[in-house]
Structure formats: C-alpha cells, structure tokens
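*Asks:* Quick one: the structure is below, and I'll ask about it shortly.
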Amino acid sequence: MKKAGIVTLLAIFADTQLAAQKKYVADPSATVIKWHGEKIVGSAHDGTINLREGWLNSDGKSITGGEFVVDMASITFDRSLYDVRFGSGKFFSNLGKNAIRDEIKLDVSLVVQ
C-alpha cells in the first residue's frame, strides 16, 4: 500500500509540474537571427538566417525546453563574393592563416506568441 501511495503522489506531482509549463510559439517573420563567422587570422563575415519554426516551454521562471528549425538556404552571405571556400582546420591541416573558425556567433531576437 505504501508503494501505491508514493506512485500516486509522484503522478500528481508530475501532472502539476506539466500543467505549470507554458508553451510559446515563435513568430518566424518577426524573429531575427544574425550570425558572425571569422577566419583564424583576418577577415570576418556577417549575415542572417531565417527561422522556419520554433517553440519554447517556460515554468514562469526560466526556459525549460524548446526546439527551433532554421532555414539554412536563407543564409544571406554570398561566399563567392569573398573567395571563401570551406576551410575547417578540423579537416585540412595545411590551411595556415586561411583556416575558418568552426564556431559562429549567433545574435537571436526571438519573438514569441
């Protein structure tokens, strides 16, 4: 009988926690995602990426989950204008100062409903 009471209590607690979650749906047309990428030495490039869809869960105090899908075809940077070719130092050892950093910085202004 003790186990049944604990299971019931846990089920009530879990249900209460789930009910306290609020889901916010992202507005792709109002959301702005800016990116910034750099070579190891020298130039840097910036652009934007469109949000296709996304959502966030919140417990009222913090973000507890979410998912976002970006449209990689929308990257607004024509690499050919800058003679940039893929050059990750992880894959090529002889790139020297032409290696491209594997990390990019994102600045996201997320608009949710």
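Bear in mind these aren't lab numbers, they're just calculated from the coordinates by the rules spelled out. Computed from a predicted model, the values in this text were never measured in an experiment. As a convention, Cβ positions derive from the backbone with ideal geometry for all residues, glycine included, and neighbour counts pool all protein chains shown.
*Asks:* Give the peptides 58-66, 30-38 in descending order of average Cβ contacts within 10 Å, highest first. Please list the in-between numbers first.
*Replies:* Details: 58-66: 11.1, 30-38: 15.4.
Ranking the peptides 58-66, 30-38 by packing returns 30-38, 58-66.
*Asks:* Mind listing the long-range amide H neighbours of Ile40? Cut-off is under 5 Å, sequence gap 5 or more, other chains count too, H placed in the peptide plane at 1.01 Å from N.
*Replies:* Answer set, sorted by chain and number: Ala99, Ile100, Arg101.
*Asks:* I'd like the FRET efficiency for Ser62 and Ile40, computed as 1/(1 + (r/R0)^6) with the beta carbon distance as r and R0 of 41 Å, rounded to 0.05.
*Replies:* 0.70
*Asks:* Now for a different question. Taking amide H positions as placed in the peptide plane 1.01 Å from N, state which residues far from Gly66 in sequence (5 or more) or on other chains have amide H under 5 Å from it.
*Replies:* Excluding prolines and chain starts, which carry no amide H, the hits are Asn57.
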